[in-house]
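The values are calculated or read from the model by the stated rules, or taken from the named source; none is laboratory data. These numbers come from a predicted model, not from an experiment. Here the Cβ positions follow ideal geometry from the backbone for every residue, glycine too, while neighbour counts run over all protein chains shown. Note: accessible area is taken over every heavy atom of the protein model, side chains too, but ligands, DNA and RNA are not part of it. Shrake-Rupley method; radii C 1.70, N 1.55, O 1.52, S 1.80 Å.
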Amino acid sequence: MNLHRLLARRLEAGRPVRVGLIGAGKFGSMFLAQVPSTPGIEVAAIADLAPDRAREACRRVGWSDEYIAATRFTDDAAAMLRTGDIEVVVEATGHAPAGIAHARRAIAEGKHIVMVNVEADVLAGVALAHEAARAGVVYSLAYGDQPALICELVDWARACGFRVLAAGKGTKYLPEYHASTPATVWGYYGLTAEQARIGGMNPQMFNSFLDGTKSGIEMAAVANATGLAVPDDGLGFPPCGTHELADVLGQSGAQVEVVSSLHRDGRDVMNDLRWGVYVVFEAPTDYTARCFLEYGVATDASGRVSALWRPFHLIGLELNISILSAALRGEATGAPTGFRGDVVATAKRALRAGEVLDGEGGACVWGKLLPARASLEIGGLPIGLASRVPLRRDVRLGQCVTWNDVRIDTTDEAYRYRREMEMDHHVMPGRGSGINGFRATV
């Protein structure tokens with residue numbers, strides 16, 4: 001609360017919050033659409049691999065020629081980050097290695113960083129958050145995306161004195177989706193390839209939403225930010241409507257979970273939460289449970305467990321909340337506090353030595369959520385580094401791919417940053433900096 005009032009004060013003082021955007025895709029465009037109607041926020045610069053495409057995105061979302069002329073467009077994100085007129089950087093590329101590089105440069109330049117790029121956050125967000133804390137800037141998940149909204153619900157429940165039993169989101173899920181590829185994805189969505197082409201829909205990106213990878217990535221981000229546990233064998237995707245959340249998830253044991261909008265036989269779930277987020281919580285006393293009853297709170301049969309949910313999320317249209325929280329309050333809308341969840345590349349089919357993995361949403365692997373300790377024990381290959389990587393040996397259907405299964409460029413900065421984070425987590429469990437034992441040596 002009060003962000004609008006605080007922003008008005010900045011505007012009155014002639015000090016608007018100036019933003020630099022990296023990546024003018026769908027999320028970035030949705031944020032840009034809200035800028036003209038938010039006095040006090042200005043976009044100083046937009047970095048995109050195709051600056052002309054970024055200009056066209058601004059026109060498409062309703063920017064005037066005056067707004068466009070007042071904004072710098074560049075294909076050089078590093079140069080943009082060196083400028084002194086940017087207070088908050090929004091990283092919205094969706095490319096994990098690039099996101100890490102951009103975040104580290106923004107932090108080094110003393111700028112707050114809002115990480116739309118949840119792929120980068122899950123790959124090395126613990127290290128990035130620690131680096132930002134040392135530099136005295138904010139590292140934040142992006143409000144409007146589901147992880148930050150889930151973090152908000154968890155924080156609400158805990159601040160009210162309730163014990164959180166489960167938190168997560170909804171999605172459309174069937175077990176067969178794990179094998180989906182960019183060639184099969186539109187059939188599962190009920191679209192033709194031509195309809196998807198006309199809509200400008202990227203098959204690999206949409207396949208990541210479908211095959212379970214994006215769900216795993218988002219729940220890893222939530223676990224790392226809230227301290228909630230990760231299911232030992234990954235997400236279960238139980239079919240569940242909003243009226244069933246307390247009953248189905250009331251015994252989860254304080255962990256993340258994604259609920260499906262489909263029953264396993266393909267029937268629609270009643271009151272599904274496909275686009276929303278939820279938290280399940282428990283009354284601490286008999287008196288509190290009685291208050292639930294008195295005020296019409298929906299509970300499980302015990303009367304002690306209830307759920308609160310939000311039926312939809314507005315993606316980039318809500319991003320201002322993160323930007324203003326960072327600039328005006330010095331607060332993140334969710335940030336990693338420990339390395340608890342990881343997302344490991346897992347074979348969609350039998351893979352052969354010499355094949356080259358094609359990354360998130362591709363035809364080779366999907367991203368399975370695992371407890372970080374389990375990922376470290378097997379040497380799991382993070383999904384964020386599973387693109388354009390050749391296999392050294394065969395991998396069975398359903399098997400997690402490991403570092404030893406691939407030939408990877410060990411000089412790559414994202415690889416080195418991630419492996420350093422892993423090593424520090426192994427060496428200093430539960431001690432050190434306060435970020436779940438992570439010691440940064442970057």
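Values for this structure:
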read-out: Where Ile100 falls short, out of the listed (1) open to solvent by less than 10 Å² (accessible area, probe 1.4 Å); (2) closer than 19 Å to Tyr139 by Cα; (3) hydrophobic (A, V, I, L, M, F, W, C); (4) in contact with a strand residue (DSSP E or B) (Cβ under 8 Å, 6 or more places away or on another chain); value: (4)
read-out: Boolean, Ile41 is in contact (Cβ under 8 Å) with a residue 40 or more places away in the chain, of a type in the set (Val, Ile, Thr) and buried (at least 17 other Cβ atoms within 10 Å of the Cβ); value: yes
read-out: Members of region 356-407 that are without any contact (Cβ under 8 Å) to a residue 24 or more places away in the chain and either more than 21 Å from the chain's Cα centre (by Cα) or more than 17 Å from Arg419 (Cβ to Cβ) (or both); value: Cys364, Glu377, Arg407
read-out: Residue in region 130-153 that is open to solvent by 10 Å² or more (accessible area, probe 1.4 Å), of a type in the set (A, V, I, L, M) and under 29 Å from Pro311 (Cα atoms) present; value: yes
read-out: Filtered residue count, region 303-323, keeping only those that are buried (at least 24 other Cβ atoms within 10 Å of the Cβ) and over 25 Å from Leu123 (Cα atoms); value: 2
read-out: Which listed residue is more than 23 Å from Pro203 (Cβ to Cβ), buried (at least 17 other Cβ atoms within 10 Å of the Cβ) and of a type outside the set (Ser, Thr, Tyr), from Ala353, Ala335, Ala386, Ala347; value: Ala335
read-out: Condition check for Glu91: free of Cβ contacts under 8 Å to residues at least 40 places away in the same chain and not hydroxyl-bearing (Ser, Thr, Tyr); value: no
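Matching residues to (1) closer than 28 Å to Gly199 by Cα; (2) out of contact with any Lys or Arg (no Cβ under 7 Å at 6 or more places or on another chain); (3) at pLDDT below 95:
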residue	(1), (2), (3)
Pro16	no, no, no
Gly20	yes, yes, no
Lys26	yes, yes, yes
Val35	yes, yes, no
Glu42	no, no, no
Pro51	yes, yes, no
